[in-house]
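The structure appears right after this line, and notes come after that.
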Amino acid sequence: MWLVVARTPPPDAPYWPGRRWLAAVDALVWPLLWVLVVRHAPVPVGVVGPVVAALAVLSATGRLHRAMWVNHRYRFTTWRWGRVVAALVVVGAVLKLAMSG
């Protein structure tokens, strides 16, 4: 039996001056980082490299469209993952302090 639950869409993101251009930069940087990570892999990646590059281009075009023309629906990737990285850094610092004392 399938259960279908319709979620309400998130509210529109608040607009502020410069948001559109900052979102465009955010939309292009993350797919570019994917390509750079795969290109600088320590082992040969074979066909995975061109596939990741093609998927990154597709992702970048969709993200750029959302960032520039549907800006009220764009969510910043840097903000989302920055919070995760910051939490991991704090946990690491607490563990380092706990182990040294």
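Does segment 1-12 include one or more residues that are more than 20 Å from the chain's Cα centre (by Cα) and hydroxyl-bearing (Ser, Thr, Tyr)?
Yes, segment 1-12 contains at least one residue that is more than 20 Å from the chain's Cα centre (by Cα) and hydroxyl-bearing (Ser, Thr, Tyr).
For Ala41, state whether it is modelled with pLDDT of 95 or more and either closer than 23 Å to Trp81 by Cα or open to solvent by less than 70 Å² (accessible area, probe 1.4 Å) (or both).
no
Please work out if Asp12 is acidic (Asp, Glu) and loosely packed, with under 14 Cβ neighbours inside 10 Å.
Answer is yes for this residue.
Residues that are in a helix (DSSP H, G or I), under 28 Å from Trp16 (Cα atoms) and open to solvent by 80 Å² or more (accessible area, probe 1.4 Å): does segment 84-95 have at least one?
Yes: one or more hits.
Out of (1) farther than 18 Å from Phe76 by Cβ; (2) in a helix (DSSP H, G or I), the odd one out for Leu33 is which?
Unmet condition: (1).
For every residue, the table says whether it meets (1) of a type in the set (A, V, I, L, M); (2) in contact with a Leu (Cβ under 9 Å, 6 or more places away or on another chain).
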{"residue": "Pro17", "(1), (2)": "no, no"}
{"residue": "Pro31", "(1), (2)": "no, yes"}
{"residue": "Trp34", "(1), (2)": "no, yes"}
{"residue": "Val37", "(1), (2)": "yes, no"}
{"residue": "Pro44", "(1), (2)": "no, no"}
{"residue": "Ala53", "(1), (2)": "yes, no"}
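Tell me, please, whether a residue that is of a type outside the set (D, E, K, R), open to solvent by less than 100 Å² (accessible area, probe 1.4 Å) and in contact with a Leu (Cβ under 8 Å, 6 or more places away or on another chain) can be found in segment 62-75.
Yes, segment 62-75 has at least one match.
The values are calculated or read from the model by the stated rules, or taken from the named source; none is laboratory data. Just so it is clear, the model here is predicted, and its values are computed rather than measured. Counting neighbours? That spans all protein chains shown, and the Cβs are built from the backbone with ideal geometry, glycine included. Just so you know, the surface numbers come from the protein's heavy atoms only, side chains and all, with ligands and any DNA or RNA stripped out. Shrake-Rupley method; radii C 1.70, N 1.55, O 1.52, S 1.80 Å.
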